[in-house]
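For reference, the structure discussed in these notes is given below.
What follows draws every value from the coordinates through simple rules; no lab data is involved. Predicted, not measured: the structure shown is a model, and the values here were computed from it. Neighbour counts are summed over all protein chains in view; Cβ atoms, including those assigned to glycine, are modelled from backbone coordinates with ideal geometry.
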Amino acid sequence: MKKILVTGANGQLGRCIKYAASSFPDLEFVFVSKEELDIENVELLTDFFRKNNFSHCINAAAYTNVEKAESEPEKAFAINAEAVKNLAGVCKEKNVVLLHISTDYVFDGKKKIPYTETDATNPINVYGASKLKGEKYIEENCDRYFIFRTSWLYSQYGHNFLKTILKYAEEGKPLTITTEQTGTPTNANDLADLLLQVIAQDYAEYSVYHYSNSGQTTWFGFAEAILLQTEKLKDANLAKTNHYRTFAARPEYSVMDNSKVQKAFSIPAVDWKKSLKTVIKNLSVN
């Protein structure tokens, strides 16, 4: 039986993987939070791998606060890059397949058509730079790896854009949402399913892949769809802006081309609006 280590177990993606795990009874999972296994500590990490016979490691641990990363670059790079270097080295040493999650923010957003895996990277904020450095460390220090760049993750778990929009709407707070950025909202449950399918079916086309739901929208369009599908749009105080100031620069366009991942793993494209309906139905889970 394959034994999979999942880091970042208490995060949004980690919880989605745990939710999906019951559909994969032939896989054994070990879920760890940062408190249970600090991947920044290479000695602890090495010892943990030595005591367990893992076949795969899904790294769902990450520093994801894009705004805060601008004032905490050392912390962002420690988690998103240096800790990833530790994981990559230990995975290579123990012959463990590493599945790592990266981001559309490795791009500068100057394109007008979807980004492919071979497009030049050029992050414009600390978060994107830290994630790109993590990618480079994996490529330099690990032989058997999958890097999945994803975008605008949300789910029924944790803190995310979906939950924030619904909270503000229920409290009657004004929602002024930007139209400046175009990307693709991605259901973290769909990403979790992909990761487990890759493991279960013994795919070995190690590489960098783009994975998101299909289609594109702006953050305003995403908010509008959330409120429409939850029947809160009529009463919500929703407004659009084309100039919403943030500490971190954001790519204006970060839609990704998913054709490589669809071809490699024979997975269908899932429209982001359709997938949003599934998450909204599951909101009672959290």
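Annotations for the structure displayed:
- GNM top mover of 56, 159, 243 - the chain, alpha-carbon springs below 10 Å: 243
- Axis angle, to the nearest 10 degrees, between helix 161-170 and the longest C-alpha principal axis of the chain: 40 degrees.
- Among the listed values (i) 136; (ii) 236; (iii) 125, the one computed from these coordinates for volume of the Cα convex hull per residue in Å³ is (iii).
- With Cα atoms, 0 to 90° folded angle of helix 42-51 axis to the chain main axis: 60
- Separation of the residue 92 and residue 42 label points, Cα + 7 Å toward Cβ, nm: 1.1
- Alpha carbon Rg of the range 17-81, scaled by the compact-globule rule 2.2 N^0.38 Å: 1.35
- R0 of 41 Å, Cβ-Cβ distance residue 232-residue 78: FRET efficiency to nearest 0.05: 0.55
- With each label modelled as a point 7 angstrom along the Cα→C-beta vector, the residue 257-residue 3 pair spans 4.1 nm.
- Each DSSP beta bridge with both residues in the chain is either parallel or antiparallel, and the antiparallel ones are about 5%.
- Within straight-line reach of residue 260, meaning a Cα separation under 14 Å, sit the following aspartates and glutamates at least 8 residues removed in sequence or on another chain: 117, 119, 205.
- Flagged links, alpha-carbon separation over 29 Å, of 68/263; 51/163; 131/273; 234/281; 18/263; 34/136: 68/263; 51/163
- Taking 7 Å steps out from each Cα toward its Cβ at residue 164 and residue 280 produces label points 2.0 nm apart.
- Residues whose amide H lies under 5 Å from that of residue 97, counting only those 5 or more places away or on a different chain, are 56, 57; hydrogens are built 1.01 Å from N in the peptide plane.
- For the listed peptides 223-235, 167-179, a ranking on the average number of other beta carbons within 10 Å per residue, highest first, reads 223-235, 167-179.
- Our coupling estimate for the range 221-236, obtained by passing each phi through the Karplus curve with A = 6.51, B = -1.76, C = 1.60 and θ = phi - 60°, is x, 5, 4, 4, 5, 4, 5, 5, 6, 9, 6, 10, 4, 4, 9, 7 Hz, Gly and Pro reported as x.
- For the range 181-219 versus the range 3-58, the spacing of their alpha-carbon centroids is 19 Å.
- Förster-model FRET efficiency, 22 Å R0, residue 197 and residue 140, C-beta, rounded to 0.05: 0.20
- Top positive-direction residue, dipole computed over the range 148-286 with Cβ charges, set 269, 207, 156: 156
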